[in-house]
Amino acid sequence: MRLCALSLRLAVPVLFAAVIAGCATPQYQTTVRLIPPADAQGRACVQNCEARKTACQSNCQTRYQACVKTLAPQVEAHYLDALKKYELELKQYAAALRNYEMQMRFDWMNRYPYQPYWWDPWPGPYFPPPYREPVMPTRESVRAQLEKSNCQADCGCLPAYDSCFVGCGGQRVTETVCVKNCPPAK
């Protein structure tokens, strides 16, 4: 009887893990394939579309680099502000951590009154601090954040190219393929 109960105790976690693994969500990837037109006039039209896309991307990159250059003087000021914010968050984190350590240290006082202080049926669980340690900012991260919020990196060149490509007689085929945790094929 004990052996049966022991094997049942061991089988439950394995069964639970198998059920959880079976519930994994499939992950899909969408790819776009462009099929060029068959006639010479359509291919010449597509080359015109490609030239416009290249010019659009070049102009977009030029505008982006100009925007980045205008942000250079602001980076240092924003970096100093980020350091001040980090210092404040670090002080708050240290105070919260000290408070947490005191609670954990004096937790034995919160036991039931009829139990001796040394009585504990289970080894005490370790609860990690409820706070996340702040991350020190870098100039590069501040610069990247400023660039992301102030400069536009995508000018919409690819959607315009796709519509031009289709207008020339080409085909745009979108395929969604399962890449991980795929259901069995039918």
> Which residue out of A72, A96, A82 is modelled with pLDDT of 90 or more, in a helix (DSSP H, G or I) and of a type in the set (A, V, I, L, M)?
Replying inline: A82
>> Return the residues of the stretch 145-186 that are closer than 30 Å to P37 by Cβ, surrounded by 12 or more Cβ atoms within 10 Å (Cβ to Cβ) and in contact with a strand residue (DSSP E or B) (Cβ under 7 Å, 6 or more places away or on another chain); say none if nothing qualifies.
In response: D162, F165, V166, G170, R172
>> What are the pairs with Cβ atoms under 9 angstrom where one residue, in the stretch 81-99, is more than 15 Å from P137 (Cβ to Cβ) and aliphatic (A, V, I, L, M) and the other, located anywhere, is modelled with pLDDT under 95 and not in a helix (DSSP H, G or I)? Sequence gap at least six, or different chains.
In response: A96/P129; A96/P130; A96/Y131; L97/P129; L97/Y131; L97/E133
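The values are calculated or read from the model by the stated rules, or taken from the named source; none is laboratory data. Predicted model, so just to flag it, every value in this text is computed and none were measured. Positions of Cβ are backbone-derived with ideal geometry, glycine not excepted, and every protein chain shown enters the neighbour counts.
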